[in-house]
1. Would region 33-43 turn up any residue that is touching a Gly at 6+ places or on another chain (Cβ under 6 Å), open to solvent by less than 40 Å² (accessible area, probe 1.4 Å), of a type outside the set (A, V, I, L, M) and modelled with pLDDT under 80?
2. Condition first: within 16 Å of Leu91 (Cβ to Cβ) and either open to solvent by 70 Å² or more (accessible area, probe 1.4 Å) or within 12 Å of the chain's Cα centre (by Cα) (or both). Now tell me which residues in region 23-32 satisfy that.
Amino acid sequence: MDRLLRWILMAMIAGPLGATLGWLLLDSVHLMGRMGARVLPVHMVPILGATVAAFLIVKHPAIAGTGGDAYIATLQDKHRTGFAGPWLSLLKVLATALTVGSGGSGGLAGPALH
């Protein structure tokens, strides 16, 4: 019974948190697309998105990589990268929103995983 209660508690926490991060990703992708189209010419939006995402990756290399394998490896390699958890997830969501929202490719599993 104790094990079942723990699983139920984890599901009650992880479900709303995952839904919130999914909503945040979707909303930020739309926001990046709308802001970029209003501020810059259409052909400059992907360049700006890629530049800012590249700057984030240079500052925090742990957010680089696409797909489930890179994300899980980063979470498991916390000691080498120096951070993991909520900050890593938020930075990955921001980098994905910049890339996809500016017209770049998110790959097959990139945004869906986040």
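The values are calculated or read from the model by the stated rules, or taken from the named source; none is laboratory data. Being a predicted model, the structure only gives us computed values, none of them experimental. No Cβ is skipped: glycine too gets one built from the backbone with ideal geometry, and neighbour counts run over all protein chains shown. Protein only, heavy atoms only, side chains kept; ligands, DNA and RNA dropped before computing areas. Shrake-Rupley method; radii C 1.70, N 1.55, O 1.52, S 1.80 Å.
1. Of all residues in region 33-43, those touching a Gly at 6+ places or on another chain (Cβ under 6 Å) come to 33.
Those left that are additionally open to solvent by less than 40 Å² (accessible area, probe 1.4 Å): 33.
From what's left, of a type outside the set (A, V, I, L, M): 33.
Okay, now just the ones that are also modelled with pLDDT under 80, so 33.
Yes: one or more hits.
2. The first filter runs over region 23-32 and keeps only residues within 16 Å of Leu91 (Cβ to Cβ), leaving 24-25, 28-29, 32.
Correct list: Leu24, Leu25, Ser28, Val29.
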